[in-house]
Amino acid sequence: DTAVSQTPKYLVTQMGNDKSIKCEQNLGHDTMYWYKQDSKKFLKIMFSYNNKELIINETVPNRFSPKSPDKAHLNLHINSLELGDSAVYFCASSQVGTGLNEQYFGPGTRLTVT
Amino acid sequence: AQKITQTQPGMFVQEKEAVTLDCTYDTSDPSYGLFWYKQPSSGEMIFLIYQGSYDQQNATEGRYSLNFQKARKSANLVISASQLGDSAMYFCAMGKYSSYGKLTFGQGTILTVHP
């Protein structure tokens, strides 16, 4: 069973389009995250939800809007895509309620904006 | 603000030898944890090992051990008996107990294992 899954794995789209990435975890974790990995492989947190509540919102453009319908799902919607949005987006989850624990990552979504 | 530094962009090691990947960190918070992740060329992020700031002993997980030197603010990863499958990018990351698990990552080190 896949612990953290993301769809789609690859996304190729044109500038100006709107796209969504979906994430699901079956680990029963209380916290989910979105990270962006740029072309230099640098990983940076974008958002975090704890029990469906937004708790971390780094300086990310308003075009990015996360949504957590329930504890097991965290989606990322991106409006008006720009060339600079091309990156790999990782979803992750962890159990924060019991302390600082490792995060389990999804396989990543490679977004290419042309 | 917390900061993680990995000063080795690339490292080479012979198969079956041990290798140390460096990681230094900076934080004023006394309660934190350090993580190492492996990212093979296939792209997934694999958790390797964790060290809490209050842990008295260095963490070990199979062939991975973490050389934690709190006073020097370093958390180096030691891989013993390297295997070809260890070739990958390795990331050091830090989280604080107070920050809902938010991780700050270093720049990564590419490890290449030679046969």
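The values are calculated or read from the model by the stated rules, or taken from the named source; none is laboratory data. Remember, predicted model here, so these are calculated numbers, not experimental data. Here the Cβ is made from the backbone with ideal geometry for all residues, glycine too, and neighbour counts use every protein chain on show. Accessible surface is based on the protein model in full, side chains and every heavy atom, while ligands, DNA and RNA are left aside. Shrake-Rupley method; radii C 1.70, N 1.55, O 1.52, S 1.80 Å.
Determine if the range B:29-39 includes at least one residue that is of a type in the set (A, V, I, L, M) and part of a loop (DSSP other than H, G, I, E, B).
To start, the set of residues in the range B:29-39 that are of a type in the set (A, V, I, L, M) comprises B:34.
Then drop every residue that is not part of a loop (DSSP other than H, G, I, E, B), which leaves none.
Looking through the range B:29-39, none of the residues is of a type in the set (A, V, I, L, M) and part of a loop (DSSP other than H, G, I, E, B).
When the strands (runs of 3 or more DSSP E) confined to the range B:50-110 are screened for residues that are over 16 Å from B:Gln39 (Cβ atoms), those reaching at least 2 such residues are found at B:64-69, B:74-79, B:88-96.
Say we look at the range B:56-115 and pick out the residues that are of a type in the set (Lys, Arg) and open to solvent by 80 Å² or more (accessible area, probe 1.4 Å); which of these is farthest from the other protein chains (Cβ to nearest Cβ)? Give the steps one after another, and end with the answer.
Residues of the range B:56-115 of a type in the set (Lys, Arg): B:63, B:70, B:72-73, B:96, B:102.
Narrowing the set further to residues that are open to solvent by 80 Å² or more (accessible area, probe 1.4 Å) leaves B:70, B:72.
Working: B:Lys70: 16, B:Arg72: 21 Å.
Out of the qualifying residues, it is B:Arg72.
The number of residues in the range B:11-29 being more than 15 Å from the chain's Cα centre (by Cα) and more than 14 Å from chain A (Cβ to nearest Cβ) comes to 7. Residues in the range A:50-64 that are at pLDDT 95 or above and under 13 Å from the mean Cα position of the chain (by Cα): A:Phe64 alone. Any residue at all in the range A:101-113 that's within 14 Å of chain B (Cβ to nearest Cβ), touching a helix residue (DSSP H, G or I) at 6+ places or on another chain (Cβ under 8 Å) and modelled with pLDDT of 95 or more? Checked against the condition, which is being within 14 Å of chain B (Cβ to nearest Cβ), touching a helix residue (DSSP H, G or I) at 6+ places or on another chain (Cβ under 8 Å) and modelled with pLDDT of 95 or more, the range A:101-113 yields at least one hit.
Inside the range A:68-99, can you point out the residues that are farther than 13 Å from A:Glu24 by Cβ and more than 13 Å from chain B (Cβ to nearest Cβ)?
Within the range A:68-99, A:His77, A:Ile78, A:Asn79, A:Ser80, A:Leu81, A:Glu82, A:Leu83, A:Gly84, A:Asp85, A:Ser86 meet the criteria.
Do any strands (runs of 3 or more DSSP E) entirely within the range A:7-63 hold 1 or more residues that are surrounded by fewer than 18 Cβ atoms within 10 Å (Cβ to Cβ) and facing chain B (nearest Cβ under 9 Å), and if so, which? Can you show your working first?
Values: elements: A:10-13, A:19-25, A:31-37, A:43-50, A:53-57.
In the range A:7-63, the matching strands (runs of 3 or more DSSP E) lie at A:43-50, A:53-57.
With respect to the conditions (1) open to solvent by less than 10 Å² (accessible area, probe 1.4 Å); (2) more than 22 Å from B:Lys3 (Cβ to Cβ), A:Lys71 lacks only one, and its number is (1). Would you please name the residue that is nearest to A:Leu100 (Cα to Cα), looking only at residues in the range B:30-52 that are open to solvent by 30 Å² or more (accessible area, probe 1.4 Å) and away from chain A (no Cβ under 11 Å)? By that ranking, first place goes to B:Pro30.
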